[in-house]
Structure formats: structure tokens, C-alpha cells
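Reading through the C-alpha cells given below for one structure.
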Amino acid sequence: MWSALLSATLRSATPLTFAAIGGLFSERSGVVNIGLEGMMLMGAFFAIWGADRTHSWVGGLLIAMAAGGALALVYAYFAIQLRADQIVGGTAINFLALGLTGYLYIDIYGVQGTPNNLPGIPDVHISWLEKIPPHGLGRFLQDSFGQMNLMIWMSFVLLVVTWLLMFKTPMGLRIRAVGEHPRAADTVGISVYRVRYGSVTLSGVLAALGGAYLSLGFVHSFSENMTAGRGFIALAALIFGGWRPFGAFGAALLFGFSSALARRLPDAYGSSAGTLFEALPYVLTLIAVAGVIGRSIPPAAVGRPYKKQ
């Protein structure tokens with residue numbers, strides 16, 4: 001039971017991890033990205049469409065990344081260049097993605113839905129775990145990690161790379177400087193606009209990968225509004241994790257565990273309670289965010305448009 005619950009937790013946490021790390025880049029540069037939900041939804045649809053057109057899951061991922069990055073670039077133009085309200089702009093991006101993907105889904109696939117023979121993102125099979133005696137800890141490791149989707153392992157790599165990039169490289173220092181003191185960063189020759197454009201676009205690419213995993217690696221199909229608020233949960237995980245990669249991942253695991261638990265509780269308490277248990281991840285998100293408000297310190301310039309003098 002525990003190995004199955006851990007596997008389900010990792011599956012549920014993976015799209016949140018990609019979106020939360022995407023939000024990390026955006027918010028560390030000083031731009032609030034409420035549009036993560038829409039960027040995930042774009043990635044979910046265009047991953048399916050791309051895999052259908054190219055007959056390759058790699059093609060689906062690349063097209064999903066391009067779609068998420070393009071939507072993020074639109075948001076960046078309004079938030080950075082036009083200095084529009086970032087909360088309102090991000091909400092508009094979410095509605096744009098919802099309407100666009102819904103229209104394209106109906107226009108392209110109609111009532112038949114997405115094809116059943118789409119190439120899905122493969123699982124990674126760790127053969128050496130089979131050499132461990134299949135009882136106790138060995139059985140737990142085999143059932144939990146013996147066969148996981150490639151995107152789950154990619155999320156682990158992304159965490160390490162993001163931490164190294166953000167806290168151990170000059171590029172990460174520039175991103176953090178722009179998010180903390182953009183005027184000072186501009187004074188020493190750092191292009192605030194360029195850093196913010198790049199960071200917001202990268203956040204859209206990563207959020208789209210989370211949506212692509214959801215549709216192409218987990219469900220193997222697309223339905224309208226299939227992200228169902230996961231972008232907002234990822235944003236909550238980022239806040240709960242203190243705008244740090246491993247903190248955000250820990251929060252994503254917590255929310256992923258609540259989602260996995262909510263799917264299993266109806267088996268014990270009856271299907272009639274299923275609808276109530278489906279609200280568990282969202283309730284836990286509210287409790288978690290309410291607990292860190294006033295304690296977690298965001299980047300000093302986050303949400304503040306910058307005007308070059």
C-alpha cells in the first residue's frame with residue numbers, strides 16, 4: 001500500500017514541480033506569474049496535438065514547450081513592456097489559454113476526442129532493483145521506483161540544475177538581483193528587461209512541460225480544462241517552499257500526497273464520499289498558504305513593474 005501511495009504521490013507532484021520551478025524563475029526575477037495555469041493547459045493540449053502530428057512524443061514535448069513559451073512571451077510583453085497589472089494580466093492569460101485550447105480541441109478532434117494510439121512518454125525501467133531480494137525494503141523500492149515515467153526523473157534533474165543555476169552561477173545572481181533591486185542591477189549594467197523576459201519565457205516552457213506530462217505521460221489524452229487548478233497549486237507550492245527549488249518540491253510532494261490520498265479514500269469510505277475527498281488538495285493548499293503568509297519573505301521587487309530611467 002505504501003509503495004503504491006508513494007508512486008501516486010510522485011505522479012501527482014511531477015506536474016506541480018515543473019510549474020513551480022517555472023514560477024520560481026519568473027518570481028525570482030520580479031514578475032508574478034499567475035498565468036502558470038494557462039501555460040500548463042497550453043502544454044497539455046499542444047503536447048497531444050504535437051505527438052499526433054509528428055507521431056513522436058519528443059515532437060509533442062517540443063511543440064508543447066514552444067506553445068508555453070509563446071504564451072509566456074505574450075504575458076511578459078504586457079507585464080514588462082507595457083507595465084500592466086500582473087495579477088490581472090496573468091488571469092487574462094489563463095482565460096485565453098482556456099478558450100484557445102477548448103476551441104482547438106473541439107475544432108480538431110470534435111466529439112471523438114483525442115486518438116487512442118498516441119505515442120506516450122515512456123517509463124524508465126531500473127533493472128538492477130530486481131536483484132534486491134523481493135521482500136521488505138527491496139519490494140518497496142521495486143514497486144516505488146522500479147518503473148517510473150521519464151518525466152518524473154527529469155523533474156529530479158531539474159531540481160538540482162535549478163538550484164545550481166540560481167544559487168551557484170552568475171546568471172542566477174543576475175536573476176535574483178533583478179528581482180530584489182532592479183535599479184541597482186541596472187546601474188551595474190544588467191539588462192532588467194532582458195533578464196525578466198528570459199525568466200518569464202522559461203517559466204512558460206517549464207509549466208508547459210508539467211502540462212505535457214499530465215496529458216502525454218499520465219492520462220494519455222486531453223480534455224478541456226484538464227489542469228483543474230494545478231497551476232495555482234504549483235504557485236502555492238512555490239510560496240510555501242519559500243521561493244526555493246527543494247522547498248517548492250517538498251510542498252509539491254505534500255500536495256501530491258493529498259491528491260493520491262484523495263483518490264484512495266473513496267475505496268475505504270465509499271464512492272459517495274469521492275466528491276468530498278477530491279477537494280482535499282485544494283483545502284490543504286489554502287491551509288498551507290495561510291500558514292506561511294507573513295512568515296515567508298518574497299523577492300523584494302516581485303510584482304513591481306520596472307521603468308528604465
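The values are calculated or read from the model by the stated rules, or taken from the named source; none is laboratory data. What you see is a predicted model; the values in this text were computed from it and never measured. For neighbour counting, all protein chains shown are included, and Cβ atoms are generated from backbone atoms with ideal geometry for every residue, glycine included.
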Completion exercise
Conditions (1) farther than 30 Å from HIS55 by Cβ; (2) buried (at least 16 other Cβ atoms within 10 Å of the Cβ); (3) of a type in the set (Gly, Ala, Ser) -> ALA208 fails only (1)
Exercise for the section: Confirm whether GLY211 is of a type in the set (Gly, Ala, Ser), in contact with a strand residue (DSSP E or B) (Cβ under 9 Å, 6 or more places away or on another chain) and touching a residue at least 40 places away in the same chain (Cβ under 8 Å). Expected result: no
Handout entry: Selection count where residues are in contact with a Ser or Thr (Cβ under 7 Å, 6 or more places away or on another chain) and either closer than 16 Å to GLN147 by Cβ or not β-branched (Val, Ile, Thr) (or both), scope the stretch 3-23
Key = 8
Exercise for the section: Only residues that are in a helix (DSSP H, G or I) and hydroxyl-bearing (Ser, Thr, Tyr): list them for the stretch 1-39, please. Expected result: SER3, SER7, THR9, SER12, THR14, THR17, SER26
Exercise for the section: Could you pull out the residue among ALA64, ALA72, ALA84 that is modelled with pLDDT of 95 or more and either touching an Asp or Glu at 6+ places or on another chain (Cβ under 8 Å) or closer than 23 Å to GLY179 by Cβ (or both)? Expected result: ALA72
Practice task
Could you give me the residue pairs with C-beta distances under 7 Å whose first residue belongs to the stretch 160-189 and is surrounded by 14 or more Cβ atoms within 10 Å (Cβ to Cβ), whose second residue is of a type in the set (Lys, Arg) and not in a helix (DSSP H, G or I) wherever it lies, and which are 6+ apart or on separate chains?
Solution key: ASP186/LYS308
Exercise for the section: List every residue pair whose Cβ atoms lie under 7 Å apart, where the two residues are 6 or more positions apart in sequence or sit on different chains, the first residue falls within the stretch 27-52 and is at positive phi, and the second residue, located anywhere, is among the basic types (Lys, Arg) and part of a helix (DSSP H, G or I). Expected result: GLY30/ARG196
